[in-house]
Amino acid sequence: GDSVTQMEGPVTLSEEAFLTINCTYTATGYPSLFWYVQYPGEGLQLLLKATKADDKGSNKGFEATYRKETTSFHLEKGSVQVSDSAVYFCALSDRHNFNKFYFGSGTKLNVKP
Amino acid sequence: SQTIHQWPATLVQPVGSPLSLECTVEGTSNPNLYWYRQAAGRGLQLLFYSVGIGQISSEVPQNLSASRPQDRQFILSSKKLLLSDSGFYLCAWREVGQASYNEQFFGPGTRLTVL
């Protein structure tokens, strides 16, 4: 079945450091891919998305490229801020059943000033 | 613009007591609606989803149930809570028809503690 695997956290970085959070997926066909962010005590917010191979999603300085050949959707940011501290979830949507969303286990990011 | 509300924001209930969590969506019609549970430090588990009034699909057998009495209202219930029901409950919606992305949008969540 479909699944998403994320790198385990927590990830601790200093402000202005480069961020990479790895995400790989298993799916039949070509799913849509998403990154969500969850700040403490809040719901999930959609950060970025991509629907087909080589699509690049971007938002608020974050980027992720849909890599079909490596079945990956790694999240990157060139210079993190303390305000980026949150839990990040990678997710995929099954094209055969749009009601099926598969989430990774989440990666906690701590950014120190 | 669309907004999604959940209440209560926090709830502390004794074991064996009933539960009712409510979710409403504004600014859209005939959305697909979802209930997720997030245990402490864990990922999200899909509990139920609904594609229309009175239509409920259950993903995980347990002592919870869901209902959709109105187009934009989704309710999560239990007759008798268990300790294992503690967690962060998230409601989400998806706009039907935008199949190219089909992203889900989440509410602020309800923190449930069962003692």
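Per-structure values
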item	result
Magnitude of the charge dipole, chain A, Cβ model with Lys/Arg +1 and Asp/Glu -1, debye to 20	220 debye
A:Glu42 versus B:Val96: modelled label distance in nm, points set 7 Å from Cα along the beta carbon direction	3.1 nm
Among A:Glu76, A:Glu63, A:Glu42, residue whose mean-square fluctuation peaks in a GNM of chain A (springs only between Cα atoms under 10 Å)	A:Glu42
Calculated log₁₀ intensity ratio I(q)/I(0) where the Debye formula runs over C-alpha points of chain B, q = 0.10, 0.18, 0.19 Å⁻¹	-0.27, -0.87, -0.96
Förster radius 41 Å - calculated FRET efficiency between B:Glu26 and A:Ala53, Cβ distance, rounded to 0.05	0.70
Residues with amide H under 5 Å from that of A:Glu15, placed H, sequence gap 5 or more	A:Lys112
Fully extended contour minus Cα-Cα distance, from A:Thr71 to A:Leu13, at 0.36 nm per residue	18.3 nm
Dipole magnitude of the protein assembly as shown, debye to nearest 20 (Cβ charges: Lys/Arg +1, Asp/Glu -1, about Cα centre)	380 debye
Of A:Gly78, A:Ser58, B:Leu64, farthest towards positive along the dipole that unit charges on Lys, Arg, Asp, Glu beta carbons give the protein assembly as shown	B:Leu64
Separation between Cα centres of the stretch B:49-65 and the stretch A:50-64, rounded to whole Å	32 Å
Residue among B:Leu19, B:Phe48, B:Ser1 farthest towards the positive dipole end of the protein assembly as shown, charges placed on Cβ	B:Leu19
Those aspartates and glutamates that a straight Cα-Cα span of less than 16 Å connects to A:Lys108, excepting residues fewer than 8 apart in one chain	A:Glu8, A:Glu15, A:Glu42, A:Glu76, A:Asp84
Gyration tensor verdict on the stretch A:18-63 (Cα atoms; rounded if a/c is under 1.5, prolate if a/b is larger than b/c, oblate otherwise)	prolate
Principal semi-axes in Å for the protein assembly as shown [√(5λ), Cα gyration tensor, largest first]	29, 21, 15
Isolated Cys residues of the protein assembly as shown, judged by Cβ distance under 4.7 Å to other cysteines	none
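Taken together, the values in this text are just the output of simple stated rules run on the coordinates, not laboratory data. Everything numeric here is computed off the predicted structure, so don't read it as measured data. Cβ coordinates were reconstructed from backbone atoms using ideal geometry, including for glycine residues, and neighbour counts include every protein chain displayed.
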